[in-house]
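Down below is the structure, laid out as structure tokens.
The values are calculated or read from the model by the stated rules, or taken from the named source; none is laboratory data. The structure displayed is predicted, hence computed values, not measured ones. All Cβ positions, glycine included, derive from the backbone under ideal geometry; neighbour counts span all protein chains shown.
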Amino acid sequence: MILSDSLIFEEMEKGTIKIEPYDRECVGSNSYDVHLGKWLATYKEHILDAKKHNQIEYFEIPEDGFVLYPHIFYLGVTEEYTETHAHVPFLEGKSSTGRLGIDIHATAGKGDVGFCGHWTLEISVKQPVKVYKGMPIGQLIYFPVEGEIRVKYNQKKNAKYSGQPDKPIESMMWKNSF
């Protein structure tokens, strides 16, 4: 089951869902629209190593927009800070974004109960496309959880992405043991 708009409102009033900044106009019948933040990043190295801390370079999207190109992997961030304390949040692209050939996540569309932070976007494009800070980029949908949550994401000692800032965060795969 996906939460409806009325249930999203109820959960926000209870404090189990938090979205800042919040705009009533961004609530759909069963989702909340999120927007592209002002920061993008790219990896400094052409070849990435899963065991290495791969560094990124940040840059701000200018007022007149920024052109994304195929074959370059970008990290972006949502303008919105979110908290989800009783539901599983899923971030999906909007159909308008997809129709421009923009993918906003490579694999990480699901959050965990207890995720608190800005969402890092894993952006790739099919052809050159100009993007703007503040443009609608995706939508959050919320699923209820069955059963008791013993440890929320923001309470885990090894939660690598808890409290994400308003800048994209690079892969923390290098923190895993393998």
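Assorted remarks:
- The selection criterion, being out of contact with any Ser or Thr (no Cβ under 8 Å at 6 or more places or on another chain) and either crowded, with 16+ Cβ neighbours inside 10 Å or modelled with pLDDT of 95 or more (or both), does not hold for S177.
- Segment 151-178 - residue that is of a type in the set (D, E, K, R) and closer than 16 Å to G111 by Cα and, of those, nearest to the chain's Cα centre (by Cα): K160
- Scanning segment 1-38 for residues that are assigned to a strand (DSSP E or B), surrounded by 14 or more Cβ atoms within 10 Å (Cβ to Cβ) and not basic (K, R) gives I17, I19, V27, Y32, D33, V34, H35, L36.
- Subset of segment 43-58 [crowded, with 16+ Cβ neighbours inside 10 Å and either modelled with pLDDT under 95 or β-branched (V, I, T) (or both)]: I56
- Within segment 108-158, the set of residues being closer than 17 Å to I72 by Cα, among the polar types (S, T, N, Q) and in a loop (DSSP other than H, G, I, E, B) comprises just one member, Q127.
- In segment 71-107, the qualifying residues are those that are assigned to a loop (DSSP other than H, G, I, E, B) and touching a residue at least 60 places away in the same chain (Cβ under 8 Å), and the one that is surrounded by the fewest Cβ atoms within 10 Å (Cβ to Cβ) is A86.
- Index of the failed condition, P136 passing every other in (1) in contact with a Lys or Arg (Cβ under 9 Å, 6 or more places away or on another chain); (2) surrounded by 18 or more Cβ atoms within 10 Å (Cβ to Cβ); (3) modelled with pLDDT of 95 or more; (4) closer than 15 Å to Y81 by Cα: (2)
- Residue under evaluation E57, criteria (1) among the acidic types (D, E); (2) free of Cβ contacts under 8 Å to residues at least 60 places away in the same chain; (3) part of a helix (DSSP H, G or I), criterion not met: (3)
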